[in-house]
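The values are calculated or read from the model by the stated rules, or taken from the named source; none is laboratory data. Keep in mind that this is a model prediction, so the values were computed, not measured. Note: ideal-geometry Cβ built from the backbone for every residue, glycine included; neighbour counts use all protein chains shown. Surface areas here come from the heavy atoms of the whole protein model, side chains and all, with no ligands, DNA or RNA. Shrake-Rupley method; radii C 1.70, N 1.55, O 1.52, S 1.80 Å.
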Amino acid sequence: KDGNAKNILSDYSGAIQDFTKAIENDSTLFDAFYQRGFSKCSLKDYKGAIQDYTKAIKINPNSSDAYNDRGGAKLKILDIGAIQDFTKAIEINPNDAFAYTNRGNAKYNSYDDKGACVDWKKASELGNNLALEYIKKYCK
């Protein structure tokens with residue numbers, strides 16, 4: 001609980017300490033690993049975030065959010081595996097506009113402009129306005 005409150009207040013270092021204590025008490029807490037990953041990502045510790053999201057996914061392999069956020073951390077360090085994570089998030093939740101937007105971004109960074117535009121179009125259809133801006137800017 002305290003870690004979540006600290007995340008909301010942008011006290012990411014404090015949140016990491018709280019989530020680490022929770023994990024030391026129970027290493028099967030999905031939310032503790034997931035939220036600690038968020039905290040680490042917020043502090044630009046992308047590799048640490050990827051490790052925590054990976055542990056969260058092992059606990060709950062059906063969390064589209066964990067795949068999406070791990071993909072986001074991978075995207076920050078230009079890890080090509082981001083596309084696979086976004087694809088898995090979409091398989092779990094086909095209506096996740098953010099996952100389509102993120103996968104489009106990863107494809108664009110991988111010089112797959114056509115694939116990026118397809119994903120951004122789908123994200124736009126699902127209501128993501130940012131994807132619509134990407135389409136206007138990058139898709140012909």
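Annotations
- Contact order for region 1-76, expressed relative to its length and based on alpha carbon pairs under 8 Å spaced 6+ residues apart, stands at 24 percent.
- Label separation (ASP31 vs THR54): 2.6 nm, computed from points 7 Å beyond Cα along the C-beta direction.
- In Å², nearest 10: area of LEU78 left accessible to a 1.4 Å probe: 140
- Measuring nothing but protein heavy atoms, the accessible surface of the chain at 1.4 Å probe radius is 51 percent carbon and sulfur.
- The mean sequence distance of close C-alpha pairs (under 8 Å, at least 6 residues apart), as a share of the length of region 93-140, puts its relative contact order at 38 percent.
- Largest accessible area first, the listed residues TYR134, TYR108 line up as TYR108, TYR134 when surface is computed with a 1.4 Å probe on the assembled protein chains.
- Region 93-140 and region 13-58 have Cα centres separated by 28 Å.
- GNM flexibility winner over the chain from ILE90, ILE16, ILE77 (Cα, springs under 10 Å): ILE77
- Greater than 25 Å apart at Cα, pairs in LYS88/LYS114; LYS44/LYS107; LYS47/LYS137: LYS47/LYS137
- Considering only alpha-carbon pairs that sit under 8 angstrom and 6 or more positions apart, the relative contact order computed for the chain is 13 percent.
- At 0.890 mPa s and 25 °C, Stokes diffusion of the chain via Kirkwood alpha-carbon radius, µm² per second: 160
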